[in-house]
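Have a look at the structure below, then the notes.
Just so it is clear, none of the values below were taken in a lab; they were calculated from the coordinates. Worth saying up front: this structure is predicted, and the values here are computed from it rather than measured. Because the Cβ atoms are built from the backbone with ideal geometry, glycine has one as well, and the counts that use them run over all protein chains shown.
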Amino acid sequence: MSIEDRHKRRKRRSAGAGVYNPKSQKLIFSYYENHCVHCGKQFPFEELTRDHIIPVSRGGEIGWTNIVPSCKDCNVVRDDKIFLADKRDEMLEKARQAYEYMLKQRGLSVVRVYKQKLKTLAISNKQHKYINQYLDDARERGEC
């Protein structure tokens, strides 16, 4: 990794400061039953690390919808490699489900959070499409 890449990564990290709180992380990891997504082994919460599905150094977003639990060994081996498209999409979908689970467990309205994201955040087209689809489905279920 070049020095320029490290500076970009550091800048992205500092921009996302405060995004990860321990209570949310514990809920996200519990959604995966504290299993490492790479080797499949179960670990105590303290031995798992956050692994970005799309590495921040490669343009990945800082936030729970780009995070999966990984054991330290797998996270180090993976480094900043990108998953193949089908595996990546599957992992991103599961990460979104874990994020929604975490919001519900914390007593937050997924609909309200997604509406707020649409208003305040610069999000990718893919996320925008997913959130709009979720909100459309919520309207049909009578949740909006």
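For LYS72, what charge total do you get from the other residues with a beta carbon under 12 Å from its beta carbon, if Lys and Arg give +1 and Asp and Glu give -1?
Every neighbour counted, the sum reads -1.
Segment 25-144 has equivalent-ellipsoid semi-axes of 26, 17, 12 Å, by the square roots of 5 times the alpha carbon gyration tensor eigenvalues, sorted largest first. Across the cross-link table entries LYS26/LYS119; LYS41/LYS129; LYS23/LYS72; LYS81/LYS115; LYS72/LYS129; LYS81/LYS119, which are compared at the Cα atoms, the separations over 30 Å belong to LYS41/LYS129; LYS81/LYS115; LYS72/LYS129; LYS81/LYS119. 3J(HN,Hα) along segment 84-91, derived from phi through the Karplus expression 6.51 cos²θ - 1.76 cosθ + 1.60 where θ = phi - 60°, amounts to 4, 3, 5, 5, 4, 4, 4, 5 Hz, with x in place of Gly and Pro.
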